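In what follows, a structure is listed as structure tokens, so that the remarks can point back to it.
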Amino acid sequence: MQVVIFETEHFEAVYPVIRFFDRPGNTITICCYQNTYDQLQHMLGADSNRYTWLIKPATTSKISFIYRIFRHTKKQPTDILWLNTVSNNFLFYGMLLRFSPAKRLILTAHIINNLFAKGNLDSFKSRVRQWGKRYMMPAVKEFNVISSTLLPALQQFAPQAMIHCLPGGIYEKRPVPAEVLSLNTLRLVIPGSIDKKRRHYETILQLAEQLHHQKVNTVITLLGKPMGDYGSQVINQARQLSNEYVSFITYEDEVAQNEFDRQIGEAHFILSPLIDTAVFDDGISETYGKTICSGNISDIIRHAKPFILPSHMALESPLATAGFRYKNAEDIVHYLTALVQNPALYHAIALKITEAVGHYTIEAVRERNSTLL
């Protein structure tokens with residue numbers, strides 16, 4: 001089977017797609033931008049040599065690259081053309097979907113409402129986006145979502161479509177760092193860019209103050225690049241809050257993938273203070289867990305890491321009991337204090353996440369998505 005996979009930005013979410021189709025008898029071509037290629041080289045290692053790569057040169061426009069993908073599927077008979085991220089140039093992707101001779105065309109829907117709902121038309125750019133989506137979406141007969149919690153929303157918009165569910169992360173067994181075996185110092189990691197549009201960092205700052213008052217030794221890692229003035233302010237406040245009991249690790253630029261993986265691997269919990277509703281292009285709102293899935297869920301799966309998430313966040317059933325759900329910073333403090341006093345509680349939740357990620361091995365994902373093989 002000839003499979004062509006296109007990705008522009010979510011390199012971590014396309015990795016499971018590559019692994020899914022990487023089996024005897026399949027030939028895989030990966031079309032991507034240079035940054036995605038560089039990150040995938042780290043994730044795939046020597047296995048990357050098994051694939052054909054089409055990489056967009058810096059001097060080539062996005063539209064020209066889309067046309068190059070079209071020519072590839074026309075020249076090389078393609079069984080599946082998988083578009084893993086489409087976030088711009090909808091008109092031209094629509095043309096690719098309508099005219100490519102690939103036998104099956106599948107689009108991953110990362111942000112459901114943004115693909116289908118009518119947004120503000122208060123600028124020429126927003127009108128072009130809306131026109132492009134209206135042209136593109138009728139051409140999509142098969143979708144993928146990275147979490148089954150997004151299925152109800154997508155089914156409402158596309159009731160006749162075939163919908164697959166390849167998760168945003170797969171579990172491949174990793175060694176457990178020695179730091180995780182001890183609770184003398186709690187290590188909490190918040191992956192992702194420091195952006196008020198997605199996460200409520202005020203909760204983290206409140207948490208740091210309260211953990212200090214409770215004298216709980218804690219390292220909090222803000223594992224992402226600060227975005228704008230807000231991100232810089234959060235980092236400055238975090239540094240000012242660092243004290244005898246609570247310290248912060250922060251970054252000024254993009255975090256390299258090996259450092260990203262190391263910090264998560266050494267943490268006790270992935271903590272993600274996700275807001276309930278986020279507003280993206282053209283004023284269209286998305287609800288975390290229902291119309292958009294955070295990449296932090298993929299991090300939890302990839303690293304088999306217990307989590308601390310807001311109570312409003314919808315989760316797939318295998319993960320639902322493998323972490324802690326909170327309403328405010330006080331809830332988190334009470335939970336962490338109990339763990340320090342009774343480490344067996346942490347080892348029990350760590351066991352639960354280890355069992356849960358068995359649902360996300362590549363073998364289990366293939367078994368649930370046999371119609372793609």
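Convex hull volume per residue, computed on the Cα atoms of segment 154-297, equals 137 Å³. Helix 344-356 axis versus longest C-alpha principal axis of the chain: approximately 10°, rounded to the nearest ten.
For segment 1-101, the solvent-accessible area works out to 44 Å² per residue, with a probe of 1.4 Å and every protein chain left in place. Compared with the dominant principal axis of the Cα atoms in the chain, helix 201-213 is inclined by about 20°.
Here D79 and A364 are evaluated by their C-beta separation; at R0 = 22 Å the FRET efficiency comes out at 0.40.
Using the average count of surrounding beta-carbon atoms within 10 Å as a protection proxy, the listed peptides 297-308, 11-22, 313-324, 248-259 rank, highest first, as 297-308, 11-22, 313-324, 248-259. Principal semi-axes of the equivalent ellipsoid, √(5λ) from the alpha carbon gyration tensor of the chain, are 37, 23, 19 Å from largest down. For Y67, Y230, the ranking by accessible surface with the largest value first comes to Y67, Y230, using a 1.4 Å probe. Each residue of segment 18-31 was assigned a 3J(HN,Hα) from its phi angle through the Karplus curve 6.51 cos²θ - 1.76 cosθ + 1.60 (θ = phi - 60°); the sequence is 4, 5, 4, 8, 7, 8, x, x, 9, 10, 10, 10, 10, 10 Hz, with glycine and proline shown as x.
Charges were assigned to the Cβ only: +1 to each Lys and Arg, -1 to each Asp and Glu. The resulting dipole of segment 104-198 about its Cα centre is roughly 380 debye. List residues of segment 314-338, by number, whose backbone nitrogen lies under 19 Å from a label position 7 Å along Cα→C-beta of S285. From segment 314-338, the list is 314. Close amide H pairs (under 5 Å, H built 1.01 Å from N) link N144 with L107, T108, A109, H164, residues at least 5 positions away or on another chain.
For segment 189-204, the residues whose backbone nitrogen is under 18 Å from a point 7 Å from the Cα of R239, taken along Cα to Cβ, are 194-195. Segment 236-302 and segment 304-373 have Cα centres lying 16 Å from one another. Size of segment 29-116 from its Cα atoms: along the principal axes, largest to smallest, the extents are 38, 31, 27 Å.
For the chain, adding -39500 (n - 2.57) for each run of n ≥ 4 DSSP H residues and dividing by the number of residues yields -12000 deg cm²/dmol at 222 nm. Taking amide hydrogens as placed 1.01 Å from N in the peptide plane, the amide H of W53 sits under 5 Å from those of I30, each at least 5 positions away in sequence or on another chain. 3J(HN,Hα) along segment 239-249, derived from phi through the Karplus expression 6.51 cos²θ - 1.76 cosθ + 1.60 where θ = phi - 60°, amounts to 5, 5, 7, 4, 8, 4, 9, 10, 10, 10, 10 Hz, with x in place of Gly and Pro. The angle separating the long axis of helix 62-75 from the principal Cα axis of greatest extent in the chain is about 60 degrees.
Cβ-Cβ distance of I249 and T60, R₀ of 41 Å, FRET efficiency by 1/(1 + (r/R0)^6): the value works out to about 0.60. Here the peptides 275-286, 217-228 are ranked by packing, the mean other Cβ count within 10 Å, and the order with the highest first is 217-228, 275-286.
Here the spin labels are modelled as points 7 Å beyond Cα on the Cα-Cβ line, and at K215 and N258 they lie 4.1 nm apart. On a per residue basis, segment 229-302 carries 39 Å² of accessible surface, using protein heavy atoms and a 1.4 Å probe. Among the trypsin sites (Lys or Arg not before Pro) found in segment 197-253, those both in a DSSP coil and sparsely packed, with 12 or fewer other Cβ atoms within 10 Å of their Cβ, are K197, K215. Going through segment 114-176, which trypsin sites (Lys or Arg not before Pro) have at most 14 other Cβ atoms within 10 Å and a DSSP loop state? Qualifying residues, ordered by number: K118, K141, K173. For segment 83-221, the fraction of 1.4 Å probe accessible surface lying on carbon and sulfur atoms is 53 percent. Each label point was placed 7 Å from the Cα along the Cα-to-Cβ direction; for R50 and E202 their separation is 4.9 nm.
The values are calculated or read from the model by the stated rules, or taken from the named source; none is laboratory data. Keep in mind the model is a prediction, meaning the values are calculated, not measured. With ideal geometry, Cβ positions are generated from the backbone for all residues, glycine too; neighbour counts draw on all protein chains shown. Keep in mind that these areas ignore ligands, DNA and RNA; they rest on the heavy atoms of the full protein, side chains included. Shrake-Rupley method; radii C 1.70, N 1.55, O 1.52, S 1.80 Å.
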